[in-house]
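The values are calculated or read from the model by the stated rules, or taken from the named source; none is laboratory data. This is a predicted model, so every value here is computed, not measured. Virtual Cβ from ideal backbone geometry, glycine too; neighbours counted across all protein chains shown. Quick note on the areas: whole protein, heavy atoms, side chains included, nothing else; ligands and nucleic acids left out. Shrake-Rupley method; radii C 1.70, N 1.55, O 1.52, S 1.80 Å.
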There are 2 protein chains.
Amino acid sequence: MSEAAQLIQHDRSHQISSRDRLPAFPHTVSHPGTRAVSARGSSVMDDSTDLHDGFSPFQGFQSLQDPQQRMLEMMRTVRELVQPASKVVRPGDVLYHSGLPFNTVFLINSGAYKLVSRSLDGREQIVSLKFRGDWLGFSGIAHGRHACDAVAMDTGNVSIIPYATLLEGCVRHPELMAVVHEAMSTEIRRERESLMSVCTLASQARVAEFLCAWARSMAQRGLRADELTLRMTRADLGNYLGMTLETVSRCLSRLNREQLIRFGERGRRQISIPDLARLEQYVISGSSARTARLQ
Amino acid sequence: MSEAAQLIQHDRSHQISSRDRLPAFPHTVSHPGTRAVSARGSSVMDDSTDLHDGFSPFQGFQSLQDPQQRMLEMMRTVRELVQPASKVVRPGDVLYHSGLPFNTVFLINSGAYKLVSRSLDGREQIVSLKFRGDWLGFSGIAHGRHACDAVAMDTGNVSIIPYATLLEGCVRHPELMAVVHEAMSTEIRRERESLMSVCTLASQARVAEFLCAWARSMAQRGLRADELTLRMTRADLGNYLGMTLETVSRCLSRLNREQLIRFGERGRRQISIPDLARLEQYVISGSSARTARLQ
DNA sequence: CGCTTGATTGAGTGCACTCAATCGGGGTGG
DNA sequence: CCACCCCGATTGAGTGCACTCAATCAAGCG
């Protein structure tokens, strides 16, 4: 058994109640080959050379497929070339702890995860939220130790990929390397979007944009985008968005009052978005220059 | 203090060249595709050419402890395996524009650079500052187009590395791939540190931490850490730190009044830090829970 | 049933923002 | 040369948004 599995610990002290009626098998490791590999072998990512010849009509090579197909293709590529073990996680499970030696990354098959950074003086910050198709652990490559905690917010499943295995795979299969580079590049982009949001938007617009981003993200994964089920407390939300839990609550109430969102029947963590375009419009109109403009 | 804790420390890299009398050309675009190698650029480049032989291809440079040595080693590896052209940039030069096709990354030999993201509705955000040893362009991999502008804030020199070439190099030289992965991982870490700073620190502590990070980074490169020369306006600073330029100015004045920093004789962009430990202590004490705590 | 945890809402405060005036240095032209 | 302007930086006055503190409510659970 890999040391990766040993790193995974089950911490049930912070379980989100009532949401896991699924039978959980925390220590079950399933095998990847079970999913049939599609016959059409040549994926779009194979040919990495023609991507960079300087011209692309749309979004580069991505435009050849919709994002969901691309994600599936990516996951298929990884499964095929790395053949990783996988693992079921439950709410509160920690995939890796900040400071522990890095030797494994994870590819998310399902579930929702938060990455929590801690400063030396004890400040905690949720720096990222991750979902199906996202990778976990890249930040640990740099110094050989994980830079944050990865905590499952929901029941889910991750592929376990020893980093050494991944590197070997990248050497033998350049298309896998392209996939990994792209995933890391995406992660850099996302962090920057968070920073932009926190730095330039007032609190209510920030909450609104968060909901928009979540909705878009769900749509991109083929899930329904008009009915969000937040799997986090107001405290988590506030921490991630750089505001207090009370402010989050007030902003959501105000958005609800203004009909931009609607609370679901099954608790106020369920939020429906009647008109996503209108919510996005609100973000734009609310983006008064909150900080210093450039030039 | 544990080894792990040290590894997590902030290390934004900053490097400043000493001359500053050059005129700025704010909208000059230099073309990365032109392989113009300037002979006189060698003055700013590290021209050590001796090889280093022994490091594990899959471990990157983690075995080397001294960060400065590690950086030099990394740059040497890239020069050796990729043999990139290089290019002199001047203040205001734009290495790449957001939205333009991505096909090149850059490795910074000298100078200071800012990465500016723009949202659809026109908000601008300096998302990162880059210096010697940092890479530029990784965020463009994901969608085949650059995600931000890269603007030189000072005279400098960058190595020009076509991404296709880099990929080929990675396939043939696993140690190069490790270098690239490590660089991207570092970039992810840095963005998260920025987010943490913006989300958890009050404005004055945020400014203080920015200065601390700068100073540490100088020290890490063997340069003097008690005399900083900021190469950006208060507006840039404020944008990067998520506050207005007036607030930046007030915070600096207050830090000066409290003897935590001292303004230099050559203008108020020059800042000396009499006691770095005391400044760092101030950051910690000023880190009152500004946003929601977790659990 | 009471306990606990999470969410909401209210009241009041303070920090950081906006607006605005001033200052200083560097460059330019009369 | 000075006068002038422009730009960046500083400082002040006043305001408002988001924070703190605190009470209440709702839901889940032993």
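Summary table below
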quantity: Accessible surface of A:Leu245 - all protein chains present, 1.4 Å probe, nearest 10 Å²; calculated: 80 Å²
quantity: Separation of the A:Ala164 and B:Asn256 label points, Cα + 7 Å toward Cβ, nm; calculated: 5.6 nm
quantity: Ranking by accessible area, most exposed first, for B:Arg266, A:Arg257 with a 1.4 Å probe; calculated: B:Arg266, A:Arg257
quantity: Taking the convex hull of Cα positions in the range B:201-285, its mean projected area over all directions (nm²); calculated: 5.1 nm²
quantity: Across the identical copies, how the A:Gln68 labels are spaced - nm, sorted shortest first, 7 Å along Cα→Cβ; calculated: 5.5
quantity: Solvent exposure of the range B:201-285 as accessible area per residue, Å², 1.4 Å probe; calculated: 43 Å²
quantity: Lysines whose Cα lies under 25 Å from that of A:Lys130, excluding same-chain neighbours fewer than 8 positions away; calculated: A:Lys87, A:Lys114
quantity: Under-5 Å amide H pairs with A:Arg145, H placed in peptide plane, nonlocal only; calculated: A:Phe102
quantity: Copies compared at B:Thr233 - label distances in nm, ascending, label defined 7 Å from Cα in the Cβ direction; calculated: 4.4
quantity: Span from the the range A:208-233 Cα centroid across to the the range B:82-122 one, whole angstrom; calculated: 33 Å
quantity: For the range B:201-285: relative contact order, % (alpha-carbon pairs under 8 angstrom, 6 or more apart); calculated: 37 percent
quantity: Additional length obtainable on full extension of the chain from A:Gln270 to A:Leu100, 0.36 nm per residue less Cα span; calculated: 57.7 nm
quantity: Copy-to-copy label separations for B:Arg268, where each label sits 7 Å from Cα toward Cβ, in nm and ascending; calculated: 4.5
quantity: Summed buried accessible surface, chains B and A, 1.4 Å probe, nearest 100 Å²; calculated: 7000 Å²
quantity: 5 angstrom amide H check on A:Gly264, placed H, neighbours 5+ away; calculated: A:Gln270, A:Ile271, A:Ser272
quantity: Amide H contacts of B:Ala112 (H built 1.01 Å from N, under 5 Å, at least 5 apart or other chain); calculated: B:Met153, B:Asp154
